[in-house]
Amino acid sequence: MGLFLLWFFFGAGIFIQVIYLLIIFGRTAFSKPQKANSDPQKEEGVTVLVSAHNEFKNLKTLIPKLFDQDYPTFDVMIVNDRSTDRTKRLLEEMMSIYPRLRSVTIKYTPAHVTAKKFAMTLGIKVSKNDVILLTDADCIPNSDQWIRKMTAPVRQEGKTFALGFSGYEKAKGFLNNWIQYETLLTALYYLSFGLWKAPFMGVGRNLCYRRSFFMEVKAFKGFWHVEGGDDDLFVNQYATGKNTAIVLDPEANTTSKPKVTFKEYMVQKKRHLHAGKYYRSEDKQKIGFFSLSHALFWLSGIGLLIYFGIGQSWEQFLIVFGIILLRSVIVVRVFASASKKIQGTKAPKNSWMHDFLYLGYFWVLGTISHQAKDIQWK
């Protein structure tokens, strides 16, 4: 009976994994390049919105980069959220150089709301333009076409949301390589389901939507108290297959600075994963089915290898090992193709190894994040 269950779980795991890897993720990995559309008649104004708390150094780099954008009508709104560094003075200096730079300063956050959502809401309320493009202070656009390409679905196609990709700077070391892998996997989730007309999340480091829609639905109503989720929970609640577009173009991406210590990374991921508990049930299942089948595949596969190894049933041992090896080849191939389509770069090294380590990462950190009560923005 035990052997039968191992085979059953192994078979179920590989079956669901193949669906995800080749069919769902394949929608992104093996998609055709998107055609660039440019209609001068629809180049309406765009407001780039950045919420910043003690981001002096990053803003000093970011602001000039934003004004290098090749787009005719845009302004930049920086929400100075309770900063105690030199952010305010920097913004005053920058506004004398860049007339289209605007800022609003927050001195305190009301007790009943979370800081990031309050900062974003205030910034959106005072924005001049209806098309809002979000990024973070530590992000840099990958090209001078970022505004044009990220906002095109909203400006030209009548979409409410445009979901883009934001990667991290590459560096040496295991942590950075893991960050590259996990970021790409997360992108495969939300970009792929978005391409299948079933969007469920986005990332605030590269997200576009209409101000009028945000105000109409009172976007953060119902989850003001949730730390984080100002991007993915808003998308999760209101994005549909009809009103949402996916932007797959390396020139439309942004790049962020990665965490450099495991402690910083864990704090960040706890906040990200914590918001997931508030997703709609059907959207939790999109991630849950992959993660459950991933666990079934690896745990039952290892169990079978041990069983046949002890019993010296080498023929069956090699069959199981061959299936595991074949799936690893598929993972490497999918990640390589997806990275090329999304980022225009090679996939993270050792994707097959990180795929195995993801088994512990998701279930351990996911459980901790789900139960955490000490989540903070800054």
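The values are calculated or read from the model by the stated rules, or taken from the named source; none is laboratory data. Please read all numbers here as calculations on a predicted model, not as lab measurements. In this analysis, Cβ positions are derived from the backbone assuming ideal geometry, glycine residues included, and neighbour counts consider all displayed protein chains.
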Filtered residues of the stretch 83-107 (kept if over 17 Å from residue 135 (Cβ atoms) and surrounded by 18 or more Cβ atoms within 10 Å (Cβ to Cβ)): 83, 90
Yes/no for residue 13 being buried (at least 18 other Cβ atoms within 10 Å of the Cβ), small (Gly, Ala, Ser), farther than 16 Å from residue 149 by Cα and in contact with a helix residue (DSSP H, G or I) (Cβ under 6 Å, 6 or more places away or on another chain): yes
When residues of the stretch 308-344 are limited to those that are more than 20 Å from residue 22 (Cα to Cα) and polar (S, T, N, Q), the one nearest to the chain's Cα centre (by Cα): 316
3 or more residues touching a residue at least 60 places away in the same chain (Cβ under 8 Å) and assigned by TED's automatic domain parsing to the domain that holds residue 14: qualifying helices (runs of 4 or more DSSP H) within the stretch 217-324: 281-310
Subset of the stretch 128-165 (residues that are of a type in the set (Ser, Thr, Tyr) and either crowded, with 22+ Cβ neighbours inside 10 Å or on the phi > 0 side of the Ramachandran plot (or both)): 135, 151
Odd one out for residue 167, checked against (1) free of Cβ contacts under 8 Å to residues at least 60 places away in the same chain; (2) assigned to a strand (DSSP E or B): (1)
Flag for residue 198 being touching a residue at least 24 places away in the same chain (Cβ under 8 Å) and touching a helix residue (DSSP H, G or I) at 6+ places or on another chain (Cβ under 7 Å): no
Among residues of the stretch 153-164, those that are in contact with a helix residue (DSSP H, G or I) (Cβ under 7 Å, 6 or more places away or on another chain) and not in a loop (DSSP other than H, G, I, E, B), counted: 5
Residue ID - surrounded by the most Cβ atoms within 10 Å (Cβ to Cβ), chosen from residues in the stretch 241-256 that are within 15 Å of residue 27 (Cα to Cα) and in contact with a strand residue (DSSP E or B) (Cβ under 7 Å, 6 or more places away or on another chain): 246
Residue list for the stretch 97-132, restricted to those being touching a helix residue (DSSP H, G or I) at 6+ places or on another chain (Cβ under 6 Å) and within 19 Å of residue 235 (Cα to Cα): 124, 130, 131, 132
Test: residue in the stretch 270-284 that is of a type in the set (D, E, K, R), over 22 Å from residue 171 (Cβ atoms) and touching a strand residue (DSSP E or B) at 6+ places or on another chain (Cβ under 6 Å): no
